[in-house]
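Heads up: the structure comes next, in structure tokens.
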Amino acid sequence: MNIQIFGVKKCFDTKKAERYFKERKINYQFIDLGIKGLSKGELQSVKTAVGLNKLINANAKDYKRLNMNQIISPSGKEEMLLNNPSLYNTPIVRNGKLATVGYEPIIWESWQG
């Protein structure tokens, strides 16, 4: 498995996701969305796995400030996500082409098989 966890240090679910993989001695790479967002390729891969709308956090402070609710086109939403990592729901956990958004231990368990 090649696990990547995209999240923010203060996010409770991100911490739980890290703990999940640590407890099972599964190596993972943590990418702090506060420092570095997803690349265009990573966004496309995750979007294919989970869908674009699942990635967007409508409760984020920047959601209203950036008028995300006014953006209708998927390409416009993707552009906003690429430029404003604070808009992502976290954690985003990737395993190759597989991905989840949020704390999803049942799904992660199925990756180990």
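The values are calculated or read from the model by the stated rules, or taken from the named source; none is laboratory data. These numbers come from a predicted model, not from an experiment. Methodologically, a virtual Cβ is constructed for each residue, glycine included, from the backbone with ideal geometry; neighbour enumeration extends over all protein chains shown. Protein only, heavy atoms only, side chains kept; ligands, DNA and RNA dropped before computing areas. Shrake-Rupley method; radii C 1.70, N 1.55, O 1.52, S 1.80 Å.
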Notebook entry, point to check: Taking 0.36 nm per intervening residue step and subtracting the Cα-Cα distance, what contour gain separates Leu82 from Lys36 on full extension?
Noted result: 15.6 nm
Check: In degrees, nearest 10, range 0 to 90: what is the angle between the Cα axis of helix 40-50 and the longest Cα principal axis of the chain?
Finding: 70
Next item on the list: Using the Karplus curve 6.51 cos²θ - 1.76 cosθ + 1.60 with θ = phi - 60°, work out ³J(HN,Hα) for each residue of segment 10-25 in order, rounded to whole Hz, and write x for Gly and Pro.
Entry: 7, 6, 4, 5, 5, 4, 5, 5, 4, 4, 4, 6, 4, 4, 9, 6
Notebook entry, point to check: Carbon and sulfur: what percent of the chain's accessible surface (1.4 Å probe)?
Noted result: 50
Next item on the list: With an 8 Å cut-off on Cα pairs and a minimum separation of 6 or more residues, tell me the relative contact order of the chain in percent.
Entry: 39
Check: Per the Debye formula with a single identical scatterer at each Cα and no solvent contribution, what log10 I(q)/I(0) holds for segment 19-111 at q = 0.18 Å⁻¹?
Finding: -0.82
Item checked: Other-chain or far-sequence residues with amide H under 5 Å of Asn89's (modelled H) -> Ile56, Asn57
Notebook entry, point to check: Structure shown: which of Lys25/Lys64; Lys22/Lys77; Lys25/Lys61; Lys22/Lys64; Lys9/Lys47 lie over 31 Å apart, alpha-carbon to alpha-carbon?
Noted result: Lys25/Lys64; Lys22/Lys77; Lys25/Lys61; Lys22/Lys64
Margin query: What distance in nm separates the two pseudo spin-label positions at Ile72 and Ile26, each 7 Å out from Cα along the beta-carbon direction?
Written below: 4.1
Next item on the list: Write down the accessible area per residue of segment 3-111 in Å², having rolled a 1.4 Å probe over the full set of protein chains.
Entry: 57
Item checked: Test item: Cα-centred dipole of segment 3-111, Lys/Arg +1 and Asp/Glu -1 on Cβ, debye -> 220
